[in-house]
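A short worksheet on the structure shown next.
Bear in mind that the values in this text are calculations on the coordinates, not laboratory data. Everything quoted here is computed from the prediction, not taken from an experiment. All Cβ positions, even for glycine, are placed from backbone atoms using ideal geometry, and neighbour counts span all protein chains on display.
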Amino acid sequence: MIPLLLALLGPALGADLTQEMTWNLQVDGAPVGSRNLTVKYLASEEGTRRILESWTELDGQLGPLPVHYRERLTAHIGREPASFTSVQDTNGVSREVQARRIAMGWRLTVSNSGRARTWDLAGNRIDLSTVDLLDPDTRVPLSRFETARLLSSETGAILEGTVERLGPSSLIIEGIEVPVEGFAMISDGDTGQFYYTADGFLVRYEMVLLGHLVVAELTEPPPVGVDDAPLLPISDGVEEIEL
């Protein structure tokens with residue numbers, strides 16, 4: 001819906017669309033940090049593409065140990081699942097994960113403390129990544145799958161699991177009831193849960209990070225969908241014709 005709106009109104013309005021969201025992060029009910037996401041919709045002659053930029057900060061206890069975690073994520077998305085670069089620092093130890101679309105599929109590079117390994121993978125080895133889970137306009141939502149191969153932007157691991165629908169429910173965000181649809185991704189005994197609005201905005205998720213279950217929830221209600229947003233006038237007025 002958003003790319004279609006940009007295609008119709010972009011030349012007239014001469015402006016791109018930006019959406020921003022922030023999730024609070026909790027472990028065992030205690031706040032430990034936040035994740036900020038900016039989604040930029042860019043109109044071009046080739047069509048609409050998106051750039052996702054995310055910054056995550058986590059400071060707290062994960063089990064018996066204190067953890068200081070930082071992640072900067074940049075993703076570029078056209079018609080395919082996201083290509084991305086994730087740069088992380090965990091207690092002073094660095095890691096970088098890169099995933100790029102190539103002619104035959106994917107090129108995946110994982111660097112740990114400066115030592116890099118690269119794999120070329122067939123296209124069917126990866127269905128989507130944890131970046132696509134954040135993208136409100138992704139073409140590979142969890143709802144498409146019964147089983148999925150999920151690439152972790154945090155570790156570079158490919159998790160294969162089943163997708164289960166949790167059904168409709170609602171969450172209270174800043175005193176406002178937000179209807180959502182839930183999905184579970186079950187892989188190797190771990191279960192991630194993801195709750196989306198009908199417009200594709202991720203409101204809440206629960207997933208394992210650094211070996212611990214992290215719960216994230218939006219600090220504010222998600223942006224309105226395209227169908228709910230008022231259209232800006234293109235002409236100066238309305239001409240009335242007498243019948």
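Over the stretch 2-228, Cα pairs under 8 Å with separation of 6+ residues give a relative contact order of 14 percent. When peptides 180-187, 166-173 are sorted by average Cβ neighbour count within 10 Å, with the highest value leading, the order is 180-187, 166-173. Would you mind classifying the stretch 36-96 by shape? Square roots of the alpha carbon gyration tensor eigenvalues, ordered a ≥ b ≥ c; an a/c under 1.5 is rounded, otherwise it is prolate if a/b is larger than b/c and oblate if not. The shape class here is prolate.
Please work out the FRET efficiency for the pair ASP28 and ALA157, using the Cβ-Cβ distance as r and a Förster radius of 25 Å; give the result to the nearest 0.05.
Values: r = 24 Å, r/R0 = 0.96.
Result of the calculation: an efficiency of 0.55.
Here's the picture: charge each Lys and Arg Cβ at +1 and each Asp and Glu Cβ at -1 in the stretch 56-204, and of ALA103, LEU134, ASN124 the one pushed furthest to the positive end of that dipole is ALA103.
Quote the charge dipole size of the stretch 2-228 about the Cα centre in Debye, to the nearest 20; the model charges only the Cβ of Lys and Arg (+1) and of Asp and Glu (-1).
On the way: 19 positive and 32 negative charges, 195 e Å.
With only Lys, Arg, Asp and Glu charged at Cβ, the dipole is about 940 debye.
Shown in residue order for the stretch 77-89 are the 3J(HN,Hα) couplings computed by the Karplus curve 6.51 cos²θ - 1.76 cosθ + 1.60 at θ = phi - 60°: 9, x, 8, 9, x, 5, 9, 8, 10, 10, 10, 10, 9 Hz (x for Gly and Pro). Taking amide H positions as modeled 1.01 Å from N, with prolines and chain starts lacking one, the residues under 5 Å from ALA82 and 5 or more places away or on another chain are SER129, ASP132.
Length gained on full extension, ILE102 to ARG115, computed as 0.36 nm times the residue gap minus the Cα-Cα distance: 2.5 nm.
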